[in-house]
Amino acid sequence: MRNATLFLVGAFAATAVATALAQPPDFSGSWRLDRDASVLPQRPEGGRRGIGRFLGRGEQAVRGPADTLVLTQTPETLLVEQRREDGSRTLRYRLDGSSSINPMPRGELTTTSRWDGATIVTEGTQDIPRLLRDISIQLTERRSLSPDGRTMTVESTRTMPSGTLAMTLVYRKELP
């Protein structure tokens with residue numbers, strides 16, 4: 001009888017651990033950019049106002065990273081509020097691999113997001129209408145948390161007509 005009880009307790013504990021390990025991490029919270037720990041792209045020759053000049057002719061289609069992110073996660077979606085000095089915008093990502101469409105100041109951002117273990121992988125395209133020639137930017141982001149859940153890393157690559165822009169953004173969780 002005692003062996004059967006120990007077996008049941010052990011089986012229950014193993015099931016609880018397996019269930020906890022199967023749960024994806026929760027990215028919810030307020031996050032502040034750690035510029036010193038991040039790897040930001042260098043400003044292209046003659047560029048102004050961060051990386052927006054990368055497209056040439058002063059286009060501001062690509063903005064620098066937000067200083068603050070406020071994330072709200074449910075099992076189905078991840079809402080990312082990007083806060084900057086000049087305002088904020090919220091992007092909605094479906095986490096089941098289906099398409100998400102977010103309006104941008106110019107054009108639309110169409111993405112798919114999925115779990116790769118404990119990492120959220122987002123891939124997509126931002127189409128920017130222009131007078132002479134439309135621009136399409138391909139993007140990939142890999143969002144992960146440190147084991148203690150207090151550091152979020154976003155590895156981001158954007159491929160544009162003028163080249164590829166890669167950066168690693170490190171955000172620290174703001175504690176209440």
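Remarks
- Test for Thr151: is it closer than 20 Å to Tyr171 by Cβ, of a type in the set (S, T, N, Q) and in contact with a Ser or Thr (Cβ under 7 Å, 6 or more places away or on another chain): no
- Pairs are defined by a Cβ separation below 7 Å, a sequence spacing of at least 6 or placement on different chains, a first member in segment 107-128 that is modelled with pLDDT under 95, and a second member that is of a type outside the set (Phe, Trp, Tyr) and exposed (fewer than 14 other Cβ atoms within 10 Å of the Cβ); the pairs so defined are Gly107/Pro129; Glu108/Ile101; Asp127/Asp134; Asp127/Ser136; Ile128/Asp134.
- Among the residues of segment 160-176, the one identified as at pLDDT below 95, of a type in the set (Ser, Thr, Tyr) and in contact with a Ser or Thr (Cβ under 9 Å, 6 or more places away or on another chain) is Thr164.
- Filtered residues of segment 146-155 (kept if of a type outside the set (Lys, Arg) and surrounded by fewer than 19 Cβ atoms within 10 Å (Cβ to Cβ)): Ser146, Pro147, Asp148, Gly149, Thr151, Thr153, Glu155
- Count of segment 155-176 residues which are part of a strand (DSSP E or B) and closer than 20 Å to Ser28 by Cα: 8
- Hits in segment 61-70 - residues which are outside any loop (DSSP other than H, G, I, E, B) and closer than 20 Å to Ser113 by Cβ: Leu69, Val70
- Taken over segment 136-176, the criterion of being of a type in the set (Gly, Ala, Ser) and in contact with a strand residue (DSSP E or B) (Cβ under 8 Å, 6 or more places away or on another chain) is satisfied by Ser136, Ser144, Ser146, Gly149, Ser156, Ala166.
- Residue check for Ala16: of a type in the set (A, V, I, L, M), surrounded by fewer than 17 Cβ atoms within 10 Å (Cβ to Cβ), more than 23 Å from Gly124 (Cβ to Cβ) and modelled with pLDDT of 95 or more: no
- Selection status of Ile137, surrounded by 14 or more Cβ atoms within 10 Å (Cβ to Cβ), closer than 26 Å to Arg35 by Cα, out of contact with any His (no Cβ under 9 Å at 6 or more places or on another chain) and among the β-branched types (Val, Ile, Thr): yes
- Count - residues of segment 71-106 that are part of a strand (DSSP E or B), free of Cβ contacts under 8 Å to residues at least 40 places away in the same chain and on the phi < 0 side of the Ramachandran plot: 19
- Selection of segment 129-154 for residues being small (Gly, Ala, Ser) and either modelled with pLDDT under 95 or in a strand (DSSP E or B) (or both) yields Ser136, Ser144.
- From the list Gly29, Gly56, Gly52, Gly47, the one residue that fits, being at pLDDT 50 or above, among the small types (Gly, Ala, Ser) and surrounded by 11 or more Cβ atoms within 10 Å (Cβ to Cβ), is Gly29.
The values are calculated or read from the model by the stated rules, or taken from the named source; none is laboratory data. Just so it is clear, the model here is predicted, and its values are computed rather than measured. Heads up, the Cβs are rebuilt from the backbone with ideal geometry, glycines too, and the neighbour counts pull from every protein chain shown.
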